[in-house]
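Have a look at the structure below, then the notes.
FYI, it's all coordinate maths here, none of it is from the lab. Model, not experiment: these values are computed from the prediction. Note that we place each Cβ from the backbone using ideal geometry, even for glycine, and neighbour counts take in every protein chain shown.
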Amino acid sequence: MTLIAYTASFSPWKGIAAATLHTVALLIVMGLVAIVVYERVGVAFLHRAWFNVDLLWTVTLLIAGVITLFS
């Protein structure tokens, strides 16, 4: 009950500001990690580590369809 009363006192702007700060920080960290990986490993890493996303989606949708069919 205390948590509900505590969060109810927040302004919606504080929530928007927190979400915006979180998103910006996340994008900065992802960008920095991407730059470091690109500089140290290069693009060749993508050729070796890449997996077929279309195949993954196909298998996932087929499994979901079979589960839906038999449930």
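Quick one: longest stretch of the chain between exposed loop chymotrypsin sites (Phe, Trp or Tyr not before Pro), exposed meaning at most 13 other C-beta atoms within 10 Å and loop per DSSP?
The longest uninterrupted stretch comes out as 11-49.
For segment 2-69, compute Rh as the Kirkwood radius over C-alpha pairs and then the Stokes-Einstein diffusion coefficient at 20 °C and 1.002 mPa s; write the answer in µm²/s, rounded to an integer.
For these conditions, the coefficient is 129 µm²/s.
Nearest 0.05, what FRET efficiency do F45 and A25 give at R0 = 30 Å with Cβ-Cβ as r?
0.75
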